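Below you'll find the structure, written out as structure tokens, and then a few comments.
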């Protein structure tokens, strides 16, 4: 971790955020997401517990469990893990790179000094709980919810089908 590249401070997106202390080149390794390595089962248990406790908090993120691989997660909820403060964005400037069992945050574009670091959290679209994860990134392309860009089309198609269903119900009355 190179603390000279970043600093944690208040975010306009949510709670605290991580900000560039200097210009950061595209492709730079910025910070490691660290914490306790736990089984996926234990990670799921801890996630459920935190969601119940912090879901509606304006300052505290609800889940800092990061999927490492099919067997393990990293519980990054500890104070020494400053990478947990990197917020989601629909127009991210960073991405996650898992190398040899370690989770790294790397820049995917040039980041100007003072800019908030962000990445796509990669949440899969689930019609039953997507509304629990409202996005506040304010990017021009913001979809309104924290949903992986890989699932945006799935979300939009589902939304379109739901609108058609609602219109049909209205017209049938």
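Since every read-out is calculated from the coordinates, none of them should be taken as a lab result. Since the structure is predicted, the reported quantities are computational estimates derived from the model, not experimental observations. Cβ placement follows ideal geometry from the backbone for every residue including glycine, while neighbour counts extend to all protein chains displayed.
Tell me, rounded to the nearest percent, the portion of alpha carbon pairs in segment 100-173 spaced more than 17 Å apart. Mind showing how you got there, number by number?
Working: 1609 of 2701 pairs.
Here the tail beyond 17 Å accounts for 60 percent of pairs.
If you take the beta carbon distance between residue 49 and residue 69 as r and set R0 to 22 Å, what does 1/(1 + (r/R0)^6) give as a FRET efficiency, to the nearest 0.05?
0.50
Just need the relative contact order of the chain here, percent rounded to a whole number, with Cα pairs under 8 Å and 6+ apart.
Values: 325 pairs, mean separation 40.5, N = 173.
23 percent.
Take every DSSP beta bridge with both residues inside the chain and express the antiparallel ones as a percent of the total, to the nearest 5. Intermediate values should be presented prior to the final figure.
Numbers: 25 of 27 bridges.
Here the antiparallel bridges make up roughly 95 percent for the chain.
Which of the three applies to segment 1-55, rounded, prolate or oblate, going by the alpha-carbon gyration tensor with a ≥ b ≥ c and a/c under 1.5 meaning rounded?
Working: a/c = 3.43, a/b = 1.70, b/c = 2.02.
Cα axes put segment 1-55 in the oblate bin.
First check a/c for the chain, with a ≥ b ≥ c the square roots of the eigenvalues of its C-alpha gyration tensor; if it is under 1.5, answer rounded, and if not, answer prolate when a/b is larger than b/c or oblate otherwise.
Values: a/c = 2.02, a/b = 1.50, b/c = 1.35.
Because a/c hits 1.5 or more and a/b exceeds b/c, the chain counts as prolate.
Going by average Cβ density within 10 Å per residue, which order do the peptides 41-51, 110-120, 124-134 take, highest to lowest? Before the final figure, lay out each step's value.
On the way: 41-51: 14.8, 110-120: 17.3, 124-134: 13.0.
Top to bottom by mean Cβ count within 10 Å: 110-120, 41-51, 124-134.
Run the quick spin-label model on residue 25 and residue 110: label points 7 Å from Cα toward the beta carbon, then report their separation in nm to one decimal.
1.2
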